[in-house]
Amino acid sequence: MLNFRSLATIATIAMISAISAPDQAAAKDTIKFATQQDPVFIAAVYPIQTGKVKSDLVDIEFSFLGIAGLNQAPVTRQYDVIHTASISVPRAREQGIPMNIIAISNRYPRAGDGANIWVKDSSPYKTLADLKGRTIGTYGLNSGGFINVRQVLALKFGFNVDLEKGDFRFVELPAPALPAALDSGRIDAATLVHAQIFKAKQAGGFRSLVKVQQEAYELFGVQVPSLVLAAYTERLAAKPVAYRAFLKLLQDSMAYIRANSGEVFKAVGAQQKIDPAYFKMWFEEFGDIPYSLGPNDIVGLRKSWEASRKIGALDKVPEVKDLVWSGGMQK
């Protein structure tokens with residue numbers, strides 16, 4: 001039989017549980033994540049945004065930015081994690097912004113058309129040498145993708161790729177303007193964003209002069225990580241468990257996509273008004289989104305940064321392991 005003291009004890013426990021429950025819920029960390037405004041990277045987190053995969057430890061607040069916004073994001077410290085070019089991390093360190101790479105968010109395949117230099121079908125240019133003195137348009141002179149193009153042009157083919165006094169005239173245009181500029185003859189060649197390459201391969205009208213991804217693999221002997229997830233060193237030290245949970249949630253999201261690609265590609269294709277076949281082409285030809293970090297990535301980063309120094313895109317090459325967060329490394 002329950003006496004008065006027992007009832008009082010039960011009531012006290014119930015009150016403590018009621019009071020502590022909101023506190024427990026509030027203990028869940030929120031990671032502010034700036035990622036790329038691109039259908040593929042939107043698809044990469046679709047399972048998280050729709051509740052298909054969840055975490056008991058973290059929530060993610062997403063911001064989808066253009067390439068220029070992502071390049072500027074480290075300085076603002078507005079986000080906890082930034083999807084950015086791998087070269088942005090040593091550059092941030094040079095500017096006194098301590099950041100670490102916590103994962104790879106795009107790893108180039110061994111072959112494919114994702115980084116090619118394109119000309120009009122009717123263009124007289126047949127080889128890279130034909131483009132000497134001509135104008136090559138790009139979506140970002142300081143973007144990781146275009147730096148990789150310059151690496152290949154310089155170190156594989158021997159061209160001078162100085163931005164001011166090199167063999168080519170490089171110009172930066174808003175990404176949406178590149179196909180029209182190429183078609184009109186305003187520029188002679190261009191590096192296109194992936195969605196534009198997909199449409200060009202479907203509709204025709206453009207052809208490529210060099211398969212940069214294939215040439216890069218032959219040059220470096222490893223799949224180069226072009227894009228990474230970067231976070232601020234002090235925040236990683238303060239909340240390592242939250243950042244590990246963040247990476248686990250992203251990896252679970254990609255696992256869901258691999259198991260349910262048809263569902264995800266159809267839904268995001270409708271949302272972004274792009275053919276679901278784009279996503280299939282992207283993962284076959286343009287890249288991989290591992291949201292992890294392994295030993296080969298360390299090799300690829302080192303070789304890429306050394307090449308960036310040789311073409312003048314990076315002043316000095318730091319020790320890669322000093323810039324990689326140990327909490328994100330996989331064996």
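The values are calculated or read from the model by the stated rules, or taken from the named source; none is laboratory data. Please read these numbers as outputs of a predicted model, since none were measured by experiment. Backbone-built Cβ (ideal geometry, glycine too); neighbour counts: all protein chains shown.
Please note which helices (runs of 4 or more DSSP H) are completely contained in the range 42-142 and include at least 2 residues that are farther than 24 Å from Asp162 by Cα.
Where helices (runs of 4 or more DSSP H) fall fully within the range 42-142 and carry at least 2 residues being farther than 24 Å from Asp162 by Cα, they are 46-49, 67-76.
For Ile274, indicate whether it is modelled with pLDDT under 95, more than 17 Å from the chain's Cα centre (by Cα), farther than 30 Å from Leu236 by Cβ and not hydroxyl-bearing (Ser, Thr, Tyr).
Numbers: modelled with pLDDT under 95: yes; more than 17 Å from the chain's Cα centre (by Cα): yes; farther than 30 Å from Leu236 by Cβ: yes; not hydroxyl-bearing (Ser, Thr, Tyr): yes.
When the stated conditions are applied, Ile274 passes them.
Given the conditions (1) in contact with a Ser or Thr (Cβ under 7 Å, 6 or more places away or on another chain); (2) at pLDDT 95 or above, report the number of the one that Gln330 does not fulfil.
Among (1) in contact with a Ser or Thr (Cβ under 7 Å, 6 or more places away or on another chain); (2) at pLDDT 95 or above, the lone unmet condition for Gln330 is (2).
This table checks each residue for (1) crowded, with 19+ Cβ neighbours inside 10 Å; (2) out of contact with any Pro (no Cβ under 9 Å at 6 or more places or on another chain); (3) under 22 Å from Ile311 (Cα atoms).
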| position | (1), (2), (3) |
| --- | --- |
| Ala111 | no, yes, no |
| Ala115 | yes, yes, yes |
| Ser122 | no, yes, no |
| Tyr125 | no, yes, no |
| Ala129 | no, yes, yes |
| Ile136 | yes, yes, yes |
| Gly140 | yes, yes, yes |
| Gly145 | yes, yes, yes |
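Out of the range 79-99, which residues are without any contact (Cβ under 8 Å) to a residue 60 or more places away in the chain and under 18 Å from the mean Cα position of the chain (by Cα)?
Tyr79
Every residue, every condition in (1) at pLDDT below 50; (2) surrounded by 14 or more Cβ atoms within 10 Å (Cβ to Cβ); (3) of a type outside the set (A, V, I, L, M, F, W, C); (4) over 30 Å from Arg258 (Cα atoms), yes or no:
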{"residue": "Leu2", "(1), (2), (3), (4)": "yes, no, no, yes"}
{"residue": "Leu7", "(1), (2), (3), (4)": "yes, no, no, yes"}
{"residue": "Ile10", "(1), (2), (3), (4)": "yes, no, no, yes"}
{"residue": "Asp23", "(1), (2), (3), (4)": "yes, no, yes, yes"}
{"residue": "Ile31", "(1), (2), (3), (4)": "no, yes, no, no"}
{"residue": "Val45", "(1), (2), (3), (4)": "no, yes, no, no"}
{"residue": "Gln49", "(1), (2), (3), (4)": "no, no, yes, no"}
